[in-house]
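K.L.:
Here's a structure for you.
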Amino acid sequence: LIKTIVFSWICLAFPSYIHGMAFICASNVYAKRLRSCTGMGVDLPDRQFRTNLDRLPDSDGVEKIELLAVGRRAVRRGELDAVIRNISGQRGSIAVYNALFQKYKIIDKRAAQEGLELYAEKWNDAKENPGKHPNIDRLMLVVSEDMTLVGKINGKYSS
């Protein structure tokens, strides 16, 4: 009974804390589900971002990825949301987003969750320092707000 009262008080006093906890719990459940597939020959994300990048398809020919938010939860629906350029400091994001667009064609909740897993330790840093990693923040927003991103790679829509 005391645990229930305390938890209820926390929910009322700190709703954003509970939302964050639910997000963390959901990501942990997803990670456990991924780990359970190891016996099936599934290539799973590693805990190191650099290792995960080595496993992704080549993205050297990608100059830029333009992201457009779509769906009923998008703040600026159909408008250019962001541009990721193939420059120092963004090449990892180019590789992750390019791989997601190749696999899923769009970035929805499921694709964004996989992208977050690929970011590995960078994802933890992004959770602790909002705004430091905008490309990771964007994937977290897609998951939490159930948005969808459409991508134009080098000026062409992913298909």
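The values are calculated or read from the model by the stated rules, or taken from the named source; none is laboratory data. Keep in mind the model is a prediction, meaning the values are calculated, not measured. Backbone-built Cβ (ideal geometry, glycine too); neighbour counts: all protein chains shown. For accessibility, only protein heavy atoms count, side chains too; no ligands or nucleic acids. Shrake-Rupley method; radii C 1.70, N 1.55, O 1.52, S 1.80 Å.
K.L.:
Looking at residue 111, is it in contact with a helix residue (DSSP H, G or I) (Cβ under 6 Å, 6 or more places away or on another chain) and modelled with pLDDT under 95?
P.N.:
When the stated conditions are applied, residue 111 does not pass them.
K.L.:
Also, quick follow-up: Looking at (1) within 12 Å of residue 67 (Cβ to Cβ); (2) more than 13 Å from the chain's Cα centre (by Cα), which one does residue 107 not meet, given that it meets all the others?
P.N.:
If we test residue 107 against (1) within 12 Å of residue 67 (Cβ to Cβ); (2) more than 13 Å from the chain's Cα centre (by Cα), just (2) comes out false.
K.L.:
Does residue 120 meet the test of being of a type in the set (A, V, I, L, M, F, W, C), more than 14 Å from residue 83 (Cα to Cα) and more than 9 Å from the chain's Cα centre (by Cα)?
P.N.:
For residue 120, the condition - of a type in the set (A, V, I, L, M, F, W, C), more than 14 Å from residue 83 (Cα to Cα) and more than 9 Å from the chain's Cα centre (by Cα) - is met.
K.L.:
Residues in the stretch 99-134 that are open to solvent by less than 10 Å² (accessible area, probe 1.4 Å), within 22 Å of residue 153 (Cα to Cα) and part of a helix (DSSP H, G or I): how many?
P.N.:
Looking only at that region, the number is 7.
K.L.:
Any residue at all in the stretch 140-147 that's over 13 Å from the mean Cα position of the chain (by Cα), more than 17 Å from residue 53 (Cβ to Cβ) and open to solvent by 50 Å² or more (accessible area, probe 1.4 Å)?
P.N.:
Within the stretch 140-147 (the criterion being over 13 Å from the mean Cα position of the chain (by Cα), more than 17 Å from residue 53 (Cβ to Cβ) and open to solvent by 50 Å² or more (accessible area, probe 1.4 Å)), the answer is no, since none of the residues qualifies.
K.L.:
Okay, moving on. How many residues does the stretch 69-90 contain that are open to solvent by 80 Å² or more (accessible area, probe 1.4 Å), assigned to a loop (DSSP other than H, G, I, E, B) and at pLDDT below 85?
P.N.:
Result for the stretch 69-90: 6.
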